Each structure stands twice: as C-alpha cells, then as structure tokens.
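Down below is the structure, laid out as structure tokens.
Derivation of every value follows stated rules applied to the coordinates shown; laboratory data play no part. Note that the structure is a prediction, hence the values are computed from the model and not measured. Heads up, the Cβs are rebuilt from the backbone with ideal geometry, glycines too, and the neighbour counts pull from every protein chain shown.
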Amino acid sequence: MFNLFKGKNGKNVDVAVGNFLQEEKKRHKRAVDFLQLMAGVTAHVATEVWGMADQDVQVSDTVRFDLATQSFFFKGAESDINVQALKGQPFWQSVQQIMYFGQELLDDIKEREEGRKQIVSSISDLTEKIMQVQLS
C-alpha cells in the first residue's frame, strides 16, 4: 500500500518515515541536552542572581521550572509533566518557550551586569571620598 506514495527521490513512505524518526531522535537528544543546560543555568540564576526563595519559576503560561528538582514541567490539565517526558508537538512547543525564556534570562543578566558594575563603581567613588575626608 505504501508503495503507491513516492517522494521526489523515489523513496516510499516507509523509508521516509524511518528517516524522519531517526532524525527526530537526534533532534530530541539535542533538545534534551539544551533543557539540561538551561536547568542548571536557571537554578543558579534564580538563587544566586535573583535571590529567589520560591520553588517555582514561571517560564510561560504552560511551562514552569521547579527549583527543587531542577526540571522544567509542562502544566497539564490534571498534573504537571516533566518536559523531557513529552513527545511531539507539546515537547517542541515547550522547548521553544524555554528558548524564549533563555533569551529573556540572558537579556536580564546583561542588564543586571551593567547595573551592578555601576553600583560597584559608585561604591569605589564614595569610598575614595570618605577616605579623603577621614584623612583630612
């Protein structure tokens, strides 16, 4: 039956689907590696940079990050599901939302870096002025 469908290169559907599934496994692995990287970064930033005490970080309307487990969760209708356990469209949509979150996180870090550099510079200036007054 599948032999009725031929692609541009003469591949039948079985071969095309097989190739897609092999590539999907590779893509999925790369995405999971990214999720693990983001989990480590998010946990560190949430506690050390943002000073969060909450256990949840809202990533999007449908994805949250749990600090206790250092995992991303998809908010399901009945319960939350670890994003790494998802398949298909829900998995890829969640990964995309985490990517957006990652970019926002980077932008936030850059802004905080500039602000904190300014604070440290001001501290240095003020310290120098105080030291001059004390020595006078």
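Among the residues of segment 71-122, those identified as of a type in the set (V, I, T) and free of Cβ contacts under 8 Å to residues at least 12 places away in the same chain are I81, I119, V120. Residues that are β-branched (V, I, T) and closer than 19 Å to V32 by Cβ within segment 90-136 comprise V95, I98, listed in sequence order. Residues that are among the β-branched types (V, I, T): which strands (runs of 3 or more DSSP E) entirely in segment 29-136 hold 1 or more of them? Fully inside segment 29-136 and qualifying: 56-58, 63-66, 80-82.
Residues are listed down the side, and each one gets a yes or a no for (1) under 14 Å from the mean Cα position of the chain (by Cα); (2) surrounded by fewer than 19 Cβ atoms within 10 Å (Cβ to Cβ); (3) over 23 Å from L21 (Cα atoms):
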{"position": "F34", "(1), (2), (3)": "yes, yes, no"}
{"position": "M38", "(1), (2), (3)": "yes, no, yes"}
{"position": "V45", "(1), (2), (3)": "yes, yes, yes"}
{"position": "K75", "(1), (2), (3)": "no, yes, yes"}
{"position": "W92", "(1), (2), (3)": "yes, yes, no"}
{"position": "Q96", "(1), (2), (3)": "yes, yes, no"}
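Only residues that are among the acidic types (D, E) and either surrounded by 12 or more Cβ atoms within 10 Å (Cβ to Cβ) or touching a Leu at 6+ places or on another chain (Cβ under 8 Å) (or both): list them for segment 15-32, please. E24, the sole residue that qualifies.
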